[in-house]
Ligand SMILES: [Zn+2]
């Protein structure tokens, strides 16, 4: 058996539990087992903070006579999830050859609404017009009214131009593709990584989560195994709509791989640099 | 926001600086300190825990010296028959393999799900960690 086949037999495993793909929720649930807490946590952190998406980053106001201030509106616009399936075709502005921004590193969106009727005009993401074919505010079907941005009364208007850029949540949370990442291990607290506050009875005060069904309960007289380590990690990734949750997981893993590969490359350079200084050869290590 | 630091400050390695530097310890044998720029707990903790699994590693620890400086330092001490750089390279290779396997298995799980939807197996009991008989 070669090394890769061996790793597939003995290495980490994935059990897909649920893939939700409805207008209300888009999520993927899975069990990551036979791996380290550190690995599972690294994946969680990368999915939240390092998977790139598109988000509005610059707003130029032509006019704003609504009751909301320019800064307030600009912040709201930044947080609107934009469909980022095509984010791979966009470059980071900092890596682009242009001076400020250009079609290669940004997408322009326009919002131009004026209330002319006697009743309140609701400005939503449906009024936000994108110049790109797919990078546009996320809408779940034809019945979705969009996200409310502002309300206008008669005579008020908002006219602005937005520049959406590629980024990651390390820079600003608006670029996170995740609405939430559920992460649990050891549902029965066998490892005692947590200490419950108990008034009378643990079982009634701390109900076991749905993931409890995957692991045996702790017997009353079971001795504590202080060498035990967590092995199964229950994860649910819910997207904002910017990216497909399945895509968030695969991209997250790819980014983690790339991160490690870069370190590997740089360490090799260090090793080669020092190799010239001569070091005794390794004998039968690993 | 006139004095705000530039946003790429937490992502880009400054020109003329190396992302990773290694400093051999002058007082402790087989020990080295690696400084990794523009990386955080995601990588720091991952490397530390992986290194600690290696029996040739006597010490492995990491810290972020300051929360506003985007870098971490990783200290490794090994047994005399190897070196911190060698074990780190070895364990990085193991991690790349590990993450690669997870990615492959996740993609396989997705494909088999699309091939026979509604037949997603939900195991009631995963192979549990070995329980000891006391
Ligand atoms: Zn550009």
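Overview of values
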| quantity | calculated |
| --- | --- |
| Count - residues of the range A:212-223 that are free of Cβ contacts under 8 Å to residues at least 40 places away in the same chain, under 31 Å from the mean Cα position of the chain (by Cα) and within 11 Å of another protein chain (Cβ to nearest Cβ) | 2 |
| Top-ranked residue of the range A:101-115 - restricted to ones that are assigned to a loop (DSSP other than H, G, I, E, B) and surrounded by 15 or more Cβ atoms within 10 Å (Cβ to Cβ), ranked as farthest from the ligand (Cβ to nearest atom) | A:115 |
| Selection within the range A:61-100 - within 16 Å of the ligand (Cβ to nearest atom), within 14 Å of another protein chain (Cβ to nearest Cβ) and touching a residue at least 60 places away in the same chain (Cβ under 8 Å) | A:91, A:92, A:93 |
| Test: residue in the range A:178-193 that is assigned to a strand (DSSP E or B), within 16 Å of the ligand (Cβ to nearest atom) and within 14 Å of chain B (Cβ to nearest Cβ) | no |
| Options A:47, A:54: the member that is at pLDDT 95 or above, within 16 Å of the ligand (Cβ to nearest atom) and surrounded by 21 or more Cβ atoms within 10 Å (Cβ to Cβ) | A:54 |
| Test: residue A:211 is surrounded by fewer than 18 Cβ atoms within 10 Å (Cβ to Cβ) and in the same structural domain as residue A:43 (by TED's automatic domain parsing) | no |
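The values are calculated or read from the model by the stated rules, or taken from the named source; none is laboratory data. Source: prediction; values computed, not measured. Please note: Cβ atoms are built from the backbone with ideal geometry, for glycine as well, and neighbour counts cover all protein chains shown.
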